[in-house]
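Read the structure below first, then the notes.
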Amino acid sequence: MIRRRKTNPFIGLLFLISLSGGPLYVDGTYDLDEDSLSELLLFYDEKEGGKIQYIEIEENGSHTLLWSFMPAEDILGHISSVKMVDLDNDNVPEIIAILRTELRNKNNNDPWLLLFKWEGQTFSSLPIKLYEDDLSFGRTRPSNFVVLNNDDMTTALGVAFSTPSRTGGIFNLNLIDNRIHLTDFRLIESSVIGNGYGRVFIGSFEHKEKNKIVLFTLEANLIKISLYNVQDGSNPLQEIYSDVFSLNGARQFFAPGIVTIDEDMNGNEELLLPFLNGEVVTLSIDSGKMILKPSSFSKKPLFFLNKGVSEKEINSFVLARIEDGLYRSSLVPKTIEMLTEKAEESLVLESDSLILPTAVVSLDPKISTVADAVGETHPVVGTAIIEEQDLRTNLRKTAKEEDSIEQSSFSDYYSISIAIEKEKEALHFSSNGDNVFSVKIDTSLEKIAIHRISLDMEKMTGRNKANFEYKIERSADGPVTRISLTHDLKTNMLLVSKSPVSSAIPQSFNPEVLDSRLHKYPEYLFDGFPTTISMESFDGGIQFKIEEEVEITEHVPFIEMVSPSDPPQKFKMYFKSGNFQSIKSVVRVRKSGSRKTVSRIEFIGEANPIVIQVSLGELPRQ
């Protein structure tokens with residue numbers, strides 16, 4: 001039995017650029033050399049046979065070539081599809097490319113699959129090859145392939161073969177002692193696709209928790225489709241649906257842009273099929289029938305770019321696709337944080353973009369009022385004291401804003417908090433950013449102090465972005481641990497990432513699968529956390545155990561995020577230890593209805609999360 005792949009540490013993103021006249025496929029981002037710079041896999045579909053490149057995005061956004069490959073004279077074929085796949089299950093992917101051979105070629109034993117291993121700083125210069133004789137059914141002309149399963153036991157692939165065979169196949173692929181082993185090969189045959197002239201393609205999606213294989217071809221104004229159950233044990237696989245649809249003028253299909261997504265948010269996936277005229281169609285199953293209809297992504301610049309784009313435009317395009325949810329739920333990589341910093345222009349705050357002057361704050365539990373510039377005293381939010389006289393009025397304003405936040409509706413309330421251990425000596429903090437944010441410090445607990453950065457989103461009227469940075473004024477020598485929280489409120493998806501990583505395998509959790517009554521909770525994506533993380537329900541909501549044996553007391557440090565979602569969410573991550581350094585937050589609101597919060601918390605040295613508790617409910621009284 002082949003099981004659908006549930007986790008995958010990578011995102012496939014697509015571009016169309018005028019490079020040698022052909023399209024460009026981009027897969028990323030990665031960080032295989034672990035230098036905290038994002039890397040991309042590029043495939044140029046050139047007439048000469050295709051070209052694969054692996055590039056790194058530098059801190060200034062420029063691209064540096066790390067590796068490249070073009071088929072040599074001894075490889076008589078055209079590269080038709082490229083993907084990154086962890087074939088030997090070492091948490092580092094290999095590059096897999098398949099080649100479409102020419103019919104006029106008389107050699108009947110050409111390589112049709114190439115594999116390049118990662119060698120520490122770059123990929124191997126010479127590929128490991130799989131030959132046509134390994135398939136034992138004659139000339140192979142593969143068009144594209146999909147990864148059906150990739151776990152500790154095996155990797156299952158599905159491949160589409162064009163004329164003359166006009167079929168598909170699913171099989172297991174293993175890499176043992178630098179040799180590729182292909183096993184359990186099963187054909188996919190179609191009554192409506194077997195005769196024809198259009199190139200044959202393959203895709204897969206999940207419906208009612210079962211994986212479906214889709215084989216299709218495009219001819220003139222028609223698309224012919226056959227659908228199969230992967231669990232079908234027959235050989236060849238038997239069709240369960242077949243049909244022919246009109247494309248209403250859409251002609252040139254962009255095969256690298258095939259995406260699996262739950263577009264209508266009904267719990268079942270659909271297959272997105274993009275065309276070069278900007279149209280995108282959605283293939284799904286409804287009431288026992290295949291449904292092909294226009295997608296909401298049609299005419300959006302998310303599947304390809306016009307010719308002549310710059311490196312900066314490519315980087316921005318990556319972020320646009322991520323923001324619109326065009327990724328499989330568990331494919332968000334840790335290195336996306338670097339690109340997000342560049343796109344949001346606020347996670348690294350520049351001085352000319354700040355509205356709120358720098359405020360230096362010291363923590364003193366004995367003082368609860370502060371004098372302003374004319375000598376009048378005012379209540380302090382928590383126990384924060386402005387030390388610079390010309391900034392004291394900002395604290396007074398902050399206190400008033402905090403009062404208004406407590407009275408606002410929960411759906412317009414956002415906060416990010418850090419609870420850290422109290423220290424004997426006074427600590428100094430600085431806060432930079434937009435004055436719609438406020439800071440409150442609570443020292444009522446015995447051993448920890450809670451620093452809360454809050455935002456009343458009603459105060460963002462007339463603007464689409466607000467930024468804030470709050471950090472402790474001490475040197476940050478040595479390594480840094482980063483926890484990032486990105487909540488897409490429109491799609492209700494929450495990405496939680498940790499760097500440096502404990503595991504390179506991301507994990508996805510949908511609370512509705514655990515209990516249908518939890519359908520209002522976000523879908524949670526964890527990247528960089530140990531693979532032992534698990535989800536369970538408890539009295540207050542749900543929790544994710546990172547370490548098995550944990551004891552949560554009021555003295556345990558934590559990060560807490562209150563999201564302005566509907567219903568509201570309180571996300572609380574507890575730590576065994578952590579030396580807090582800074583919080584940087586961005587909130588974005590768009591006319592389209594998109595709302596997103598991005599927060600990044602940094603610790604000096606190692607920080608060890610132990611458990612996460614999530615609840616939905618009313619506005620907590622501070």
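Only the coordinates and a few stated rules stand behind these numbers; no lab work does. It should be emphasised that the depicted structure is a prediction, and the values quoted were computed from it without experimental measurement. Reconstructed Cβ throughout: ideal geometry from the backbone, glycine too, with neighbour counts over all protein chains shown.
Peptides 209-215, 533-539 ranked from most to least packed by the mean count of surrounding Cβ atoms within 10 Å: 209-215, 533-539.
Sparse packing (at most 10 other Cβ atoms within 10 Å of the Cβ) combined with a DSSP loop state is found for the following chymotrypsin sites (Phe, Trp or Tyr not before Pro) in segment 156-227: TYR197. For ARG474, ARG100, ARG186, the sequence from fewest to most other C-beta atoms within 10 Å is ARG474, ARG186, ARG100. Along segment 179-184 the Karplus relation, 6.51 cos²θ - 1.76 cosθ + 1.60 evaluated at θ = phi - 60°, assigns HN-Hα couplings of 10, 8, 10, 9, 9, 6 Hz to successive residues, with x for each Gly and Pro. If you take the Cα centroid of segment 558-572 and the Cα centroid of segment 494-514, the two points sit 17 Å apart.
Quote the FRET efficiency, to the nearest 0.05, computed for ILE291 versus THR122 with a Förster distance R0 of 45 Å and r equal to the Cβ-Cβ distance. The computed FRET efficiency comes out at 0.50.
For an R0 of 51 angstrom, estimate the FRET efficiency from the Cβ-Cβ distance between LEU222 and GLU547 and round to the nearest 0.05. That pair, LEU222 with GLU547, gives E of 0.35.
Which parts of segment 219-252 would a label at HIS207 reach, counting a residue when its backbone N lies under 11 Å from a point 7 Å out along Cα-to-Cβ? Once the point is set 7 Å along Cα→Cβ of HIS207, 226-229, 240-243 turn out to lie under 11 Å by backbone N, inside segment 219-252.
Over 24 Å apart at the Cα level, from the set LYS212/LYS520; LYS208/LYS289; LYS422/LYS584; LYS440/LYS570; LYS447/LYS576, are LYS212/LYS520.
Length available on full extension from HIS428 to HIS519: 0.36 nm per residue minus the Cα-Cα distance, which gives 28.5 nm. Estimated from the Cβ-Cβ distance and a Förster radius of 30 angstrom, the FRET efficiency linking HIS555 and SER475 is about 0.65. Residue separation of ARG179 and GLU313 scaled by 0.36 nm, minus their Cα-Cα distance, works out to 44.3 nm of gained length. Placing a pseudo-label 7 Å from each Cα along the Cα-to-Cβ vector at ASN464 and SER62 gives an inter-label distance of 3.0 nm.
By the count of other C-beta atoms within 10 Å, a proxy for reagent exposure, THR101, THR122 are ordered fewest to most as THR122, THR101.
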